[in-house]
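Trainee: My questions all concern the structure below.
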Amino acid sequence: TGGVELREAIRRRRMVRRFDPSREVPLALVRDLVALGVRAPSAGFSQGWDFVALSSPAARERFWSAAAQDADEDGWRRGVSAAPVLILCLSDPQAYLDRYAAPDKGWTDRSLEHWPIPYWDTDVAMAAMQILLGAVDAGVGALFFGVPTPGHDAVRAAFDIPADRRLVGVIALGFEQTRVSGSARTRRRRALDEVLHLDSFGVPHP
């Protein structure tokens, strides 16, 4: 496609929860989207991220079997499991501890107390956001979702993911199935005046 302007892509971006199983997503596009994702910022340029793309039916079924600890398939899972590609978004805390133990950083004790916010997860989430925006630009639907806590170890085992990697989330990619009328969101977007504060929390921006 010719692409869209950044502001338009941001305004158009939304989570797609129903995918058309008959339309494939080319692996070349998956590579292109992940290439956009790794242009995201990372603390100390640590780049502590890995992405596992699942495109075969067998791999996707293995994911859903590992991620869902019960056999029930609700409407959400039926719609999302039709996505032809899943991207597991992983963070690597050790990459950050190693980077910040380097001479130019100096945290040689590698203590987690230096990290009140786990930037390994934050950076992966920013990379995921760039993938979502890239999907809009490419005309592909996307959804970022989390794996329930009991499923993390099972997913790591199913795909030979090292135990020291954290499963920050999963991106489903595919072409949106025609939406059913009446499925509009029930929660409103918070107004800018509610979320933007000036000089102090609780003081609305004029």
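The values are calculated or read from the model by the stated rules, or taken from the named source; none is laboratory data. Here the structure is a predicted model, which means the values were calculated and not measured. Here Cβ is always computed from backbone atoms with ideal geometry, including for glycine, and neighbour counts include all displayed protein chains. Ligands, DNA and RNA are stripped out before the accessible areas are found, and what is left, the full protein with its side chains, is counted by its heavy atoms. Shrake-Rupley method; radii C 1.70, N 1.55, O 1.52, S 1.80 Å.
Trainee: For VAL168, VAL30, VAL203, write out the residues from largest to smallest accessible area, computed with a 1.4 angstrom probe and no ligands counted.
Mentor: Listed by decreasing accessible area, they come as VAL203, VAL168, VAL30.
Trainee: If you don't mind, another one. What is the spread of the Cα atoms of segment 115-154 along each of their three principal axes, largest first, in whole Å?
Mentor: 34, 26, 10
Trainee: Looking at segment 1-70, I'd like the Rg to Rh ratio, where Rg is from alpha-carbon atoms and Rh is Kirkwood's inverse mean 1/r.
Mentor: On the way: Rg = 15.6 Å, Rh = 15.4 Å.
Rounded to two decimals, Rg over Rh is 1.01.
Trainee: Related question: Please state, as a whole number in µm²/s, the translational diffusion coefficient that the Stokes-Einstein equation yields for segment 22-131 at 37 °C and 0.692 mPa s, with Rh defined as the Kirkwood radius across alpha carbon pairs.
Mentor: Working: Rh = 16.0 Å.
Calculated translational D: 205 µm²/s.
Trainee: Using helices alone, what [θ] at 222 nm do you get for the chain, with -39,500 (n - 2.57) per DSSP H run of 4 or more residues, divided over all residues and rounded to the nearest 500?
Mentor: Details: 8 runs with 73 residues, N = 206.
Per the formula, -10000 deg cm²/dmol.
Trainee: So what does SER65 come to for accessible area, using a 1.4 Å probe and Å² rounded to 10?
Mentor: Probe radius 1.4 Å; accessible area of SER65 about 70 Å².
Trainee: Between segment 1-45 and segment 115-184, what is the separation of their alpha carbon centroids in Å?
Mentor: Using only Cα atoms to place each centre, the spacing works out to 12 Å.
Trainee: Right, another one. With N residues in segment 85-206, what two-decimal value do you get for its Cα radius of gyration over 2.2 N^0.38 Å? The partial results should precede the final answer.
Mentor: Working: Rg = 19.3 Å, N = 122, 2.2 N^0.38 = 13.7 Å.
Ratio of Rg to 2.2 N^0.38 Å for segment 85-206: 1.41.
Trainee: Pairs of Cα atoms under 8 Å, at least six residues apart: use those to get the relative contact order of segment 1-86, whole percent. Spell out each step's value before the answer.
Mentor: Details: 43 pairs, mean separation 44.1, N = 86.
Computed value for segment 1-86: 51 percent relative contact order.
Trainee: Could you order TRP120, TRP76 so the one with the most accessible surface comes first? Probe is 1.4 Å.
Mentor: Details: TRP120 20, TRP76 95 Å².
So the residues, ranked largest to smallest area, are TRP76, TRP120.
Trainee: Gain in length, ALA58 to HIS197, computed as 0.36 nm per residue apart minus the alpha-carbon separation, to one decimal in nm? Walk me through the numbers on the way to the answer.
Mentor: Working: separation 139, 0.36 × 139 = 50.04 nm, distance 4.86 nm.
The ALA58-HIS197 span can extend by a further 45.2 nm.
Trainee: Here is a follow-up. What number in nm² do you get for segment 102-174 if you take the convex hull of its Cα atoms and divide its surface by four?
Mentor: Values: hull surface 28.4 nm².
If I average the Cα hull's projected area over directions, I get 7.1 nm².
Trainee: Quote the charge dipole size of the chain about the Cα centre in Debye, to the nearest 20; the model charges only the Cβ of Lys and Arg (+1) and of Asp and Glu (-1). Please report the intermediate quantities before stating the final value.
Mentor: Working: 26 positive and 26 negative charges, 164 e Å.
Dipole magnitude for the chain comes out near 780 debye.
Trainee: Quick check: with the 1.4 Å probe, what order do ASP74, ASP137 take by accessible area, largest first? Spell out each step's value before the answer.
Mentor: Working: ASP74 90, ASP137 60 Å².
So, going from the largest accessible area down, we get ASP74, ASP137.
Trainee: Next question. Can you pull the one-decimal nm distance between simple spin-label points at ASP74 and LEU6, each 7 Å off the Cα toward Cβ?
Mentor: Here the modelled spin labels are 3.7 nm apart.
Trainee: Just the accessible area per residue of segment 1-46, please: how many Å² with a 1.4 Å probe?
Mentor: Working: 3360 Å² over 46 residues.
About 73 Å² of surface per residue is accessible.
Trainee: So how much accessible area does GLU194 have, in Å² to the nearest 10, using a 1.4 Å probe?
Mentor: Approximately 70 Å² for this residue.
Trainee: Note down the magnitude of the dipole of segment 94-206 about its Cα centre, charges +1 on Lys and Arg C-beta and -1 on Asp and Glu C-beta and zero elsewhere, to the nearest 20 debye.
Mentor: On the way: 12 positive and 14 negative charges, 105 e Å.
Here segment 94-206 has a charge dipole of around 500 debye.
Trainee: Diagonalise the Cα gyration tensor of the chain and give the resulting equivalent ellipsoid semi-axes, square root of 5 times each eigenvalue, largest first, whole Å.
Mentor: Details: eigenvalues 172, 126, 62 Å².
Its equivalent ellipsoid spans semi-axes of 29, 25, 18 Å.
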